[in-house]
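All of the numbers you see were taken from the coordinates with simple rules; none came from a lab. Please read all numbers here as calculations on a predicted model, not as lab measurements. Glycine also receives a Cβ, built like all others from the backbone with ideal geometry; neighbour counts cover every protein chain displayed.
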Amino acid sequence: MASRLAAVSVDLDEIPNYYAIHGRAHAEVAGGHAVYDVAVPRLRSIARALDVPLTLFAVGNDLARPSAAAELRRSVEAGHAVGNHTQSHLYDLTRRDRAEIAREIDEATTAIERATGARPRGFRAPGYTITDEVFSILPGLGYRWDSSVFPCPAYMVAKDLAIAAYGLLRRPSRSIVDTPAVLTAPTRPYRVGTPYWRRGAGLLELPIQVTRRTRLPYIGTSLMLAGPVRARWLTHGVIGEPLVNLELHGIDVLDAHDGLSELASSQRDLRVPSARKQDTLASIVELLRLEGYAFVTLDEAAEHFAKAT
């Protein structure tokens with residue numbers, strides 16, 4: 001396997017989750033199934049054009065819709081990997097008791113395997129918020145790696161300010177504040193200790209990507225807002241990392257014209273045309289390939305780094 005690896009993963013949070021982030025009612029929302037109905041087929045098309053395998057993190061409850069389960073199954077059949085993003089995508093998962101945390105993970109495992117025939121081996125926590133207790137549960141449920149830790153100061157500040165602002169507007173966000181200690185976590189693949197932001201001998205962690213030195217967020221939201229030229233500039237900030245772990249959301253390939261004009265008033269990146277977002281992703285992939293990166297699934301990356309750590 002190449003010494004420089006890149007992985008593109010996609011969290012398939014459905015549209016109601018974004019209403020929850022922005023503190024807006026979301027019982028029935030416009031374009032409520034756009035991630036599975038529009039984004040997942042679009043992602044397969046993009047991945048095929050770029051010759052890039054994806055790792056899709058699915059929420060178990062969404063797979064109760066036969067059409068959503070079918071889209072995820074088609075993706076696995078096309079060679080993409082699947083990961084566990086919990087059963088209900090509870091932003092406050094880490095504040096629930098141990099039994100409920102385990103149930104959220106285990107029920108999603110069953111739902112994903114039922115839909116695709118593939119049993120997930122990797123986990124990503126809602127909102128990137130994870131704890132030692134979650135890490136202690138994962139191995140017993142058959143998980144070999146996690147990709148949740150996001151040691152990004154800029155992201156934490158922006159998230160905390162947004163949560164506070166929605167509180168002042170009496171529109172409480174479902175997102176929660178993470179511990180600042182996560183900012184001290186390694187930015188490269190490592191085995192977790194106790195606490196999880198220290199190296200140890202535990203589960204393999206594949207951190208969410210940040211740029212070198214400045215630790216700017218190298219994730220879909222920031223890259224899609226940046227556009228192709230500035231996204232390439234940000235990409236130069238991750239070149240040289242042994243793993244570029246680019247995390248997207250399904251919404252990162254959607255725009256307001258995908259039935260999401262109402263949400264676009266709160267979700268700024270929906271105002272960026274999908275075609276421009278796809279150009280941005282293509283530009284990133286092109287540059288990483290020129291720099292010698294081989295694109296793999298996170299399962300493959302985990303297998304590689306499990307031997308190296």
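The calculated FRET efficiency for the pair ARG48 and GLU303, based on their C-beta separation and a Förster distance of 22 Å, comes to about 0.40.
When both bridge partners sit in region 5-308, DSSP labels roughly 15% of those beta bridges antiparallel. This model, with +1 at the C-beta of Lys and Arg and -1 at the C-beta of Asp and Glu, gives the chain a dipole about its Cα centre of some 680 debye.
Reported to two decimal places, what Rg/Rh ratio describes region 111-230 when computed on Cα atoms with Rh from the Kirkwood expression?
Taking Rg over the Kirkwood Rh, I get 1.01.
Taken over region 219-265, the percentage of Cα pairs per 10 Å bin, counting from 0 up to the bin with the maximum distance, is 23, 45, 23, 9, 0. The share of alpha-carbon pairs in the chain lying farther apart than 27 Å comes to 37%. The simple Förster model, with R0 at 25 Å and r as the Cβ-Cβ distance, assigns ALA158 and ARG213 a FRET efficiency of 0.85. Near LEU206, the amide H atoms lying under 5 Å from its own belong to ASP146, SER147, SER148; only residues 5 or more places off or on other chains count, and H is placed 1.01 Å from N. Any chance you could list P(r) for region 5-76, counting all Cα-Cα pairs in 5 angstrom bins from zero, rounded to whole %? It works out to 3, 15, 27, 23, 16, 10, 5, 1, 0, in whole percents. Of the GluC sites (Glu not before Pro) in region 206-290, the ones in a loop by DSSP (not H, G, I, E or B) with at most 16 other beta carbons within 10 Å are GLU262. A DSSP coil position with no more than 16 other Cβ atoms inside 10 Å describes the following trypsin sites (Lys or Arg not before Pro) in region 147-210: ARG170, ARG198.
Within region 187-250, the proportion of C-alpha pairs whose separation exceeds 14 Å stands at 59%. At the listed q of 0.15, 0.16 Å⁻¹, the Debye profile of region 171-309, built from one uniform point per Cα, gives log10 I(q)/I(0) equal to -0.87, -0.96.
Extension gain, SER67-MET1: 0.36 nm per intervening residue step, less the Cα-Cα distance, totals 20.2 nm. All other residues whose Cβ lies under 11 angstrom from that of PHE135 are scored, Lys and Arg at +1 and Asp and Glu at -1, for a net of -3. Summing +1 for each Lys or Arg and -1 for each Asp or Glu among the other residues whose beta-carbon sits under 9 angstrom from that of LEU203 gives 0.
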